[in-house]
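Below is one structure, written out as structure tokens, with a few remarks after it.
The values are calculated or read from the model by the stated rules, or taken from the named source; none is laboratory data. Computed from a predicted structure; not experimentally measured. Here the Cβ is made from the backbone with ideal geometry for all residues, glycine too, and neighbour counts use every protein chain on show. Keep in mind that these areas ignore ligands, DNA and RNA; they rest on the heavy atoms of the full protein, side chains included. Shrake-Rupley method; radii C 1.70, N 1.55, O 1.52, S 1.80 Å.
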Amino acid sequence: MDRKFVEFRLGSSDISAVRFGISPGHELVHAVRTILRPQSAPLHWGWFRSVRAGVHGNVQAGVQGKPPTEAFRLMAVISGVDGYMPDFLTATPSGDMTPEEEAERLREVPDERLRFDLEKMVLRSTGARQQEIRDLIAAPDHARKVIVEAWQEVWDTLLAPVWPQMLRLLRADIGVRARRSSDAGLAEMASTLHSTVTWADEMVRVQMRKHEEVVDCGGTGLVLVPSVMMSTGGCAVLTERPAQPTIFYPAHGVSETWHRDGADALAALSALLGPTRARLVLELQQPLSTSECAALTELAVSTASHHLTVLRDAGLIDSRRNGVRVLHTRTPLGEALAGVG
């Protein structure tokens with residue numbers, strides 16, 4: 001079978017504009033798809049069990065005889081179970097994108113963009129679902145209103161309770177990738193995003209199941225977006241204006257227990273590493289000096305330095321001099337261990 005690729009061609013100005021982003025909308029669509037097909041996402045089963053009562057689910061979601069809420073049903077109609085999703089649901093991801101900003105952008109989607117993306121979903125649907133999407137296209141003002149309301153309700157049910165945990169994983173992943181890019185270069189970093197991604201000769205290639213396209217980034221750069229909810233399968237892309245060229249890829253450190261809160265994570269890691277070293281591993285999602293680590297753990301600097309040395313020798317943190325300070329950050333192994341908590 002012939003392999004299909006989306007190729008992003010980068011000029012010199014694009015390479016200098018490669019950056020990371022976070023997309024609450026992308027996470028929400030994949031959360032909806034996980035509810036629809038939980039068997040395809042075993043890493044999310046713990047999260048799924050904690051939220052399925054809130055959406056009431058359907059037979060496929062494992063809740064017999066209870067129909068889904070209207071908000072969830074509408075999100076499922078416009079999102080589908082896999083493949084293409086309407087681009088207006090993801091906007092253009094940025095590093096500081098919040099759920100509130102994503103919802104606000106959704107309220108401002110132009111009529112023509114709404115129609116254009118939903119027309120694509122018409123081609124990917126049949127029967128009553130297809131007719132419902134056609135009805136949304138015919139009344140864009142109403143469609144935008146009900147979609148925003150459904151988005152917010154489903155967000156509050158599915159992801160708002162675990163967004164702090166998700167944000168920790170997403171920011172930690174970006175931190176690891178940024179350090180890798182600084183150490184080994186953009187091409188090496190991009191080649192580790194996923195097995196379906198390669199970078200060569202100023203071109204990033206993403207292997208896809210069905211879609212193929214050549215995208216000239218045209219000086220706008222490329223946005224790289226980690227995702228917790230798409231932890232299985234390959235990558236996804238945005239290629240059509242006005243969205244900037246974007247690659248979504250599975251984030252580091254997603255395990256079956258990713259949805260647990262910080263107290264659960266600390267308890268689990270403390271049993272393995274001891275409370276002080278566990279606290280340090282969790283805190284070092286951003287560079288901290290030895291004195292800052294000491295202050296966080298209420299230890300003498302010499303004692304904190306000893307614990308940091310043990311963690312460094314175990315490969316869980318990396319330490320580098322920055323002027324007169326030594327800064328410590330988690331390694332990819334440390335990121336994965338923090339996610340296990």
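Scanning segment 266-295 for residues that are closer than 21 Å to Gln165 by Cα, outside any helix (DSSP H, G or I) and modelled with pLDDT of 80 or more yields Leu284, Pro287, Leu288.
Contact map, segment 14-40: residues that are open to solvent by less than 30 Å² (accessible area, probe 1.4 Å) paired with residues that are in a helix (DSSP H, G or I) and of a type in the set (Ser, Thr, Tyr), Cβ distance under 6 Å, separation 6+ or inter-chain. Pairs shown: Val29/Ser79; Val32/Ser79. Looking across Asp96, Asp135, Asp173, one residue alone is out of contact with any Cys (no Cβ under 9 Å at 6 or more places or on another chain) and modelled with pLDDT of 95 or more. It is Asp135.
Does segment 192-208 contain at least one residue that is touching a helix residue (DSSP H, G or I) at 6+ places or on another chain (Cβ under 6 Å), of a type outside the set (Val, Ile, Thr) and surrounded by 15 or more Cβ atoms within 10 Å (Cβ to Cβ)? Yes, that holds for at least one residue.
Let's see how each residue does on (1) open to solvent by 30 Å² or more (accessible area, probe 1.4 Å); (2) of a type in the set (Asp, Glu); (3) under 30 Å from Leu10 (Cα atoms); (4) touching a residue at least 12 places away in the same chain (Cβ under 8 Å):
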residue: Gln244; (1), (2), (3), (4): yes, no, yes, yes
residue: Ser255; (1), (2), (3), (4): no, no, no, yes
residue: Trp258; (1), (2), (3), (4): no, no, no, yes
residue: Pro275; (1), (2), (3), (4): yes, no, no, no
residue: Ala278; (1), (2), (3), (4): no, no, no, yes
residue: Ser289; (1), (2), (3), (4): no, no, no, yes
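The listed residues are Glu149, Glu104, and the only one of them that is surrounded by fewer than 14 Cβ atoms within 10 Å (Cβ to Cβ), charged (D, E, K, R) and either more than 23 Å from Pro245 (Cα to Cα) or at pLDDT 90 or above (or both) turns out to be Glu104. Reported count of residues in segment 185-196, each being within 19 Å of Gly334 (Cα to Cα) and modelled with pLDDT under 85, is 1.
Which one is surrounded by the fewest Cβ atoms within 10 Å (Cβ to Cβ), of the residues in segment 216-231 that are β-branched (Val, Ile, Thr) and at pLDDT 90 or above? Working first, answer last.
At the first step, the residues of segment 216-231 found to be β-branched (Val, Ile, Thr) are 220, 223, 225, 228.
Next cut, at pLDDT 90 or above only: 223, 225, 228.
Working: Val223: 23, Val225: 29, Val228: 29.
Residue satisfying both the conditions and the ranking: Val223.
For segment 100-110, the set of residues classified as part of a helix (DSSP H, G or I) and either among the β-branched types (Val, Ile, Thr) or touching a Lys or Arg at 6+ places or on another chain (Cβ under 8 Å) (or both) consists of Leu106, Arg107, listed by residue number.
Can you name the residue in segment 232-242 that is touching a residue at least 60 places away in the same chain (Cβ under 8 Å) and farther than 30 Å from Leu282 by Cα and, of all such residues, is surrounded by the most Cβ atoms within 10 Å (Cβ to Cβ)? Ranking the candidates gives Leu238 first.
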